[in-house]
Amino acid sequence: MQTLPAFTEGALASTPTPPAPAPVATPPEPFRIGNAFIDPESLTLRREGQVERLTKIEFRLLRFLHDHPNQVWSRDELYPQVWGYRYFGTSRTLDQFIVKIRRKLGDDPIAPTLVVAVRGAGYQLALPLDRPARRVPRNRWSLRGNPPKLDFKPVADQDDQRAAALLGSA
């Protein structure tokens, strides 16, 4: 076996390696939230035969929450992730986008089940877990047990009693 001269070995060692080919960008995958199908290429949300257009911010917010299900994110954490560090809006801008997203997802605005506000902490995308979730109380009696049973019987006034007497005697 022959060896290369020393100057050839040095020249080969100093030759820069060609750069690796750039990865081929794969189109983002469509995803589901509840019964809604979100298409990233067309920025549309399809639900029950209806098609809704999404803004880039709405899509970024949905994508971020979808990629981190059941995790609570504060406003301060969501703004850089969705808007970037150049965001200079008000603190309620996020709330307005959440309202729009809930409407487009068909989530109940009074008791949302998908994009949920966690009091004092932030927002989360609540996706079903392997075990059933504990039911959240919806009214003041749920916190204290069942409301008292009140049996209301209509009290007939004198006019009703006279009408019944006249009809019964006729």
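Quick note: the coordinates plus some simple rules give every number you see, no bench work behind them. Computed from a predicted structure; not experimentally measured. Using ideal geometry, Cβ is built from the backbone for each residue, glycine included, and neighbour counts are taken over all protein chains shown.
Summary of values
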{"read-out": "Near pairs, Cβ below 7 angstrom, 6+ apart or cross-chain, from segment 109-122 (within 19 Å of Phe59 (Cβ to Cβ)) to any residue that is part of a strand (DSSP E or B)", "value": "Leu114/Ile33; Leu114/Leu125; Val115/Tyr123; Val115/Leu125"}
{"read-out": "Residue in segment 62-84 that is exposed (fewer than 15 other Cβ atoms within 10 Å of the Cβ), part of a loop (DSSP other than H, G, I, E, B) and free of Cβ contacts under 8 Å to residues at least 12 places away in the same chain present", "value": "yes"}
{"read-out": "Enumeration of residues in segment 37-84 that are over 19 Å from Pro112 (Cβ atoms) and among the basic types (Lys, Arg)", "value": "Arg46, Arg53, Lys56, Arg60"}
